[in-house]
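Since the structure comes first, as structure tokens, the remarks are kept for the end.
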Amino acid sequence: MRNRLGVALAVLMLTLMACTTGIPPTQFVIEVTVVHTVVITPTSENDVNIAETPVPSVTPTTMPTRTPAPSPTPLPQGYPTPVVGQVYVAEQAFQRGRMIWLEPVKQIWVLTSDENENQVWLVYNDTWAEGMPESDPDLQPPEPGLQQPVRGFGKLWRDNPDVFELLGWAVDPEFGFVSRYEFHHGGQIDASGSYVQEPGYHILEAYNGDILRIDETTRTWEKIGDNGP
């Protein structure tokens, strides 16, 4: 029963479209990870409790091997294998971090640093909808090279002062692309041999090739490599 409460699966068919080129339809499995401890206290009604954060994944796909490739650690019998695949995302770089929109779950992940230089991960529902203002013409960048984010990123950035202060202004346009994605389950095998669900971690490839590790337990992120030459 505990295991069944820990994981809920629903199959969705989503059509992925890049900004300028078509992407073939991909079947997505949305796996909900139930996490019982929340480190970051929500600051607005749009903040997402990590217990409600769906984990986007795809049907198993052979992905390019990173260099250097870590030696795989055998999983205990009964332990769920990592989910590996691709997701369509949009990303925008800011003065002090980045926003990433995940199309399968319609969420915005904010990767930034707090006042103590800790790298924090914040999760918000994307509440922007067609017909809403895409930007605020009264907001002008304080200096050349900076810009106001638009649409979903812009709404979150304007409506949430904490996000505005943490990220600063955008430094690049928003880009849409297909990202390599992994989810590694947390948890353990108990004395009876049953798997007990606990927070895990996500691996996501950024637009510039950075490989990011996003930890559900600590609500933090780190760069663990890159996919560049």
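The values are calculated or read from the model by the stated rules, or taken from the named source; none is laboratory data. From a predicted model like this one, the values you see are computed outputs, not experimental measurements. Because the Cβ atoms are built from the backbone with ideal geometry, glycine has one as well, and the counts that use them run over all protein chains shown.
Evaluate region 169-180: report whether one residue or more is of a type outside the set (K, R), under 30 Å from L75 (Cβ atoms) and within 20 Å of the chain's Cα centre (by Cα). Steps first, please.
First, the residues of region 169-180 that are of a type outside the set (K, R): 169-179.
Going one step further and asking which of them are under 30 Å from L75 (Cβ atoms), we end up with 178-179.
Within this subset, residues satisfying the condition of being within 20 Å of the chain's Cα centre (by Cα) are 178-179.
Yes, some residue in region 169-180 is of a type outside the set (K, R), under 30 Å from L75 (Cβ atoms) and within 20 Å of the chain's Cα centre (by Cα).
Return the residues of region 200-219 that are touching a Lys or Arg at 6+ places or on another chain (Cβ under 9 Å) and within 17 Å of W101 (Cα to Cα); say none if nothing qualifies.
Quick first cut of region 200-219, residues touching a Lys or Arg at 6+ places or on another chain (Cβ under 9 Å) only: 201-207, 210-213.
Once the filter is applied, which keeps residues that are touching a Lys or Arg at 6+ places or on another chain (Cβ under 9 Å) and within 17 Å of W101 (Cα to Cα), region 200-219 yields H202, I203, L204, E205, A206, Y207, D210, I211, L212, R213.
Go through region 141-159 residue by residue and tally those that are acidic (D, E) and in a loop (DSSP other than H, G, I, E, B). Quick ask: steps written out before the conclusion?
Here is the first cut: in region 141-159, the residues acidic (D, E) are 143, 159.
Narrowing further to those that are in a loop (DSSP other than H, G, I, E, B): 143.
Final tally of qualifying residues: 1.
So which residues in region 94-152 are among the polar types (S, T, N, Q) and without any contact (Cβ under 8 Å) to a residue 60 or more places away in the chain? Show your work before the answer.
Kept after step one, since they are among the polar types (S, T, N, Q), are these residues of region 94-152: 95, 107, 112-113, 116, 118-119, 125, 127, 135, 140, 147-148.
Those that are among the polar types (S, T, N, Q) and without any contact (Cβ under 8 Å) to a residue 60 or more places away in the chain: Q107, T112, S113, N116, S135, Q140, Q147, Q148.
Would you please list the contacts, defined by Cβ atoms under 8 Å and residues six or more apart or on different chains, that run from a residue in region 182-202 that is at negative phi and among the hydroxyl-bearing types (S, T, Y) to a residue that is in a strand (DSSP E or B) and surrounded by 14 or more Cβ atoms within 10 Å (Cβ to Cβ)?
Listed by first residue and then by second, the contacts come to Y195/G187; Y195/I189; Y201/F183; Y201/H184; Y201/G186; Y201/R213; Y201/I214; Y201/D215.
Scan region 147-167 for residues that are surrounded by 15 or more Cβ atoms within 10 Å (Cβ to Cβ) and more than 16 Å from I108 (Cβ to Cβ) and report the count.
Qualifying residue count, region 147-167: 1.
Of all residues in region 160-200, how many are of a type in the set (A, V, I, L, M), out of contact with any Leu (no Cβ under 9 Å at 6 or more places or on another chain) and part of a strand (DSSP E or B)?
Just the residues of region 160-200 that are of a type in the set (A, V, I, L, M), to begin with: 163, 166-167, 170-171, 178, 189, 191, 196.
Adding the requirement that they be out of contact with any Leu (no Cβ under 9 Å at 6 or more places or on another chain) leaves 167, 189, 191, 196.
Then drop every residue that is not part of a strand (DSSP E or B), which leaves 189, 196.
Looking only at that region, the number is 2.
Filter region 165-204 for residues that are under 30 Å from E143 (Cα atoms) and either out of contact with any strand residue (DSSP E or B) (no Cβ under 6 Å at 6 or more places or on another chain) or of a type in the set (D, E, K, R) (or both) and give the result. Reasoning before the result, please.
Applying the first criterion (under 30 Å from E143 (Cα atoms)) to region 165-204 yields 165-177.
Selection gives E165, W169, D172, P173, E174, F177.
Here are E205, E134, E222: which of them is charged (D, E, K, R) and either crowded, with 19+ Cβ neighbours inside 10 Å or more than 20 Å from A90 (Cα to Cα) (or both)? Please lay out each step first, then the result.
Details: E134 fails: either crowded, with 19+ Cβ neighbours inside 10 Å or more than 20 Å from A90 (Cα to Cα) (or both); E222 fails: either crowded, with 19+ Cβ neighbours inside 10 Å or more than 20 Å from A90 (Cα to Cα) (or both).
Testing whether each residue is charged (D, E, K, R) and either crowded, with 19+ Cβ neighbours inside 10 Å or more than 20 Å from A90 (Cα to Cα) (or both) leaves just E205.
What tally of residues in region 88-105 results from selecting those that are under 24 Å from G186 (Cβ atoms) and under 10 Å from the mean Cα position of the chain (by Cα)? Step through it out loud before you land on a result.
Going through region 88-105, the residues under 24 Å from G186 (Cβ atoms) turn out to be 89, 100, 102, 104-105.
Okay, now just the ones that are also under 10 Å from the mean Cα position of the chain (by Cα), so 89, 100, 102, 105.
Residues that pass the stated criteria total 4.
Just to be sure before I move on: is D138 among the acidic types (D, E), farther than 26 Å from Q86 by Cβ and either modelled with pLDDT of 95 or more or assigned to a loop (DSSP other than H, G, I, E, B) (or both) in the structure I sent?
On the way: among the acidic types (D, E): yes; farther than 26 Å from Q86 by Cβ: yes; either modelled with pLDDT of 95 or more or assigned to a loop (DSSP other than H, G, I, E, B) (or both): yes.
Here the answer is yes, as D138 does meet what is asked.
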